[in-house]
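Please treat every number below as a calculation from the coordinates, not as lab data. Keep in mind the model is a prediction, meaning the values are calculated, not measured. Here the Cβ positions follow ideal geometry from the backbone for every residue, glycine too, while neighbour counts run over all protein chains shown.
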Amino acid sequence: MRPVKIISDSTCDLSPEQIKDLDIEIMPLYINIKDKSFKDNVDITVPDLYRYVEEDKVLPKTSAIGIQDYIDTFKAWIDRGYDIVFTGISGGLSSSHNNSRLAIEELGAEDKVFSVDSKNLSTGIGLLLLKACEKRDMGASASMVAEYMKSFVERVKSQFVIDRFDYLYKGGRCSSMARIFGTMLKIKPLITVRDGKMTVAEKPHGKKIKGLDALLRFLERDKDKLDLDHVFVTHTYADEDAKYLVEKIKAGYNFKNIYVTNAGSTIASHCGPGTIGILYIVNE
């Protein structure tokens, strides 16, 4: 049986240490600022991103991984004798997933490369990768790893609180009127990711703590069906908020692993500084 290489993209938001320990290859999405294009977490970091936004007053745009990028990466691992399992940002949020499938078809490698739609983003993808790596390390084939990963896709729960409306506004994600009222009322929208799409689930207003407590209420609602192997707290420039959530999670739940990670440039460019989320898996 051929060995298995697991590949993801830069939106998975795992820490560099986790990526190394799990032996995952990361393919970068692209961050486009004016007439320049950067590879996420390769040519540009989140501090760079926010500096550009403050200086230029223009929100960067993101673009998918191209078909040729996939072909080059997949072929390199196939030539080394590996079968591949790939997952990245939701097919409902980016054309990256579809591009990966087109690359597989062009290579004629349907029996060697298996692309799984995460229907998620950030460490919602990271959770699937942890499960996939566990299966890989048990000696499973690529097709078995892919099927195992698929069994968790609908069970990942991802929710974030957005701190600033200006990134949503600059990116065309809310009207100018919504921005005005959002700022006046200090709304901290709670965004859920379900079935590959982002939805505003709640609109806590006032101090940031109300948004954080709303995240914890979502976790509490699932307390009787939590997969207690892993939980992520992922954020952009929200260290104190992360500490608050971790303390609450440690006090109220028996997760084996609580990870705190920083979102990469792709996620940060859409959500802005101060965004924070709790991401976990529920049992069937």
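Put simply, when 86-92, 110-116, 3-9 are sorted by average Cβ atoms within 10 angstrom per residue, most first, you get 86-92, 3-9, 110-116. Against the longest alpha carbon principal axis of the chain, how many degrees, from 0 to 90 and to the nearest 10, is the axis of helix 67-79 turned? Once rounded, one gets 40 degrees.
Based on the Kirkwood approach, the hydrodynamic radius assigned to the chain is 19.3 Å, with every pair of different Cα atoms included. Positive-end ranking of ILE278, TYR259, LEU190 along the dipole of the chain, with charges on Cβ about the Cα centre, is headed by LEU190. For segment 10-84, the normalised intensity computed at q = 0.24 Å⁻¹ comes to -1.15 (log10 of I(q)/I(0), Debye sum over alpha carbons, equal scatterers, no solvent). Reported to the nearest whole Å, the Cα centre-to-centre distance from segment 1-70 to segment 238-284 is 20. For segment 76-115, the Kirkwood radius over C-alpha pairs fed into Stokes-Einstein at 20 °C and 1.002 mPa s yields D = 203 µm² per second. Remark: for residue pairs LYS131/LYS223; LYS188/LYS248; LYS112/LYS135; LYS203/LYS225, the C-alpha separation exceeds 23 Å in LYS203/LYS225.
Can you compute the FRET efficiency between ALA251 and ARG155 using 1/(1 + (r/R0)^6), with r the Cβ-Cβ distance and R0 = 30 Å? Round to the nearest 0.05. So the FRET efficiency works out to roughly 0.75. Ordered by the number of other Cβ atoms lying within 10 Å of each residue's own Cβ, fewest first, ASP239, ASP229 fall into the sequence ASP239, ASP229. Each of ILE33, ILE267 was scored by other Cβ atoms within 10 Å of its Cβ. Arranged with the fewest first, they read ILE33, ILE267.
The fewest-to-most ranking of LEU102, LEU121, LEU49 by surrounding Cβ atoms within 10 Å reads LEU102, LEU49, LEU121.
Cross-link partners of LYS57 among lysines, defined as those whose alpha carbon lies under 19 angstrom from its own and excluding same-chain residues fewer than eight positions apart: LYS34, LYS36, LYS170.
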